[in-house]
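Have a look at this one before I ask anything.
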Amino acid sequence: MNRRELYFNQCLLCLGLILLIVQPIQAAEWGTLTGQFLYTGKPTRPQKLDVSRDQEICGQFSDQIVDQSLVIGKNGGVKNVFIYLRASKLNDAQIHSSYQKLPQTVTIQNKGCIFQPHVSGLWVKKQQLLATNQDLCAHGFQVKAYRNHSLNQVLPPGEKMMHRFEYGEKLPLRMSCSIHPWQEGWLVALNHPYFATTDETGLFIIKNLPVGEWEFQLWQEKAGYLVAKDEWKRGRVKMKISPGKNDLGVLKVTPQMFVGK
């Protein structure tokens, strides 16, 4: 083996050692955030809403048309709490590669004369909103935006519309129907994919957050800013995301938090 070949092999060996060292470091630059919201009061059955229009169609779904502004699961979990990173700009290196696999559309259905799902979220850089009408009556699909153009479009039965938001919003956007006044839902549109909503047990998980000091927003449609701890002013949580697991623990919320909004 001549000197040139020896030098080349040594370089390959060094490169291999560098990759072995760097890969664990890169994997350690991400953390997962979890938590659970539990209601301290006695859960009540959601009230039925007044089906005042298209009763021959929407009346068939009257058992499903209920007040979803505060949904408490059997275990006391608070469903549909939004938690998301309060950051208007993140560079590409701070978005984990796993989020590139997200679907390109987020679908909101007018189905059974309600919005399904009731709450949702999208990453404006990658995802578009797809609104569809699965009912036999027309719906007026409305979204009240702050930084983007608001939406107000009639969707006849079987029709759909696609919309791309230009900018991330700082608060969830209210969805409504101009024809059926009971219809309401909420959409969070952000400049990044770091958001979640709680399930029926009150649990949430946000995966692969960049490590470091960050601020998160808690929001729920009936409470508005959800202040689960006294130091969390306006529902804002400052915390350090460390590599691996990060847990906010069990967050107890009282009935008083959902009164008077």
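Among the residues of the stretch 69-102, what is the count of those that are open to solvent by 50 Å² or more (accessible area, probe 1.4 Å) and either part of a loop (DSSP other than H, G, I, E, B) or touching a Phe, Trp or Tyr at 6+ places or on another chain (Cβ under 8 Å) (or both)?
Result for the stretch 69-102: 7.
Please enumerate the residues belonging to the stretch 117-136 that are farther than 30 Å from L90 by Cβ and surrounded by fewer than 17 Cβ atoms within 10 Å (Cβ to Cβ).
Here is the first cut: in the stretch 117-136, the ones farther than 30 Å from L90 by Cβ are 132-136.
Result: Q134, L136.
Now, a different point. Quick one: which residue in T44, T107 is at pLDDT below 95, open to solvent by 50 Å² or more (accessible area, probe 1.4 Å) and among the hydroxyl-bearing types (S, T, Y)? Walk me through it before giving the result.
Numbers: T107 fails: at pLDDT below 95.
Just one listed residue meets the conditions, T44.
Can I ask one more? I need the full set of residues from the stretch 71-105 which are of a type outside the set (S, T, N, Q) and closer than 15 Å to S120 by Cβ, in order please.
Filtering the stretch 71-105 for residues of a type outside the set (S, T, N, Q) gives 71-74, 76-79, 81-87, 89-90, 92-93, 95-96, 99, 101-103.
Residues satisfying the conditions are V71, K79, V81, F82, I83, Y84, L102, P103.
Moving to a separate point now. Restricting to strands (runs of 3 or more DSSP E) lying wholly in the stretch 154-261: which have 3 or more residues that are open to solvent by less than 50 Å² (accessible area, probe 1.4 Å) and closer than 26 Å to K89 by Cβ?
Working: elements: 160-163, 173-177, 184-190, 195-197, 203-210, 212-220, 236-241, 244-253.
It comes to 184-190, 203-210, 212-220, 236-241, 244-253.
Among the residues of the stretch 53-90, which ones are under 20 Å from L33 (Cα atoms) and polar (S, T, N, Q)? I'd like the intermediate steps shown before the answer.
Residues of the stretch 53-90 under 20 Å from L33 (Cα atoms): 77-90.
N80, S88, listed by residue number.
The values are calculated or read from the model by the stated rules, or taken from the named source; none is laboratory data. In this text the structure is predicted, and so the values were computed from the model without any measurement. Quick reminder, even Gly has a Cβ in these numbers, built from the backbone with ideal geometry, and neighbours come from all protein chains shown. In case anyone asks, the SASA skips ligands and DNA or RNA and just uses the protein heavy atoms, side chains included. Shrake-Rupley method; radii C 1.70, N 1.55, O 1.52, S 1.80 Å.
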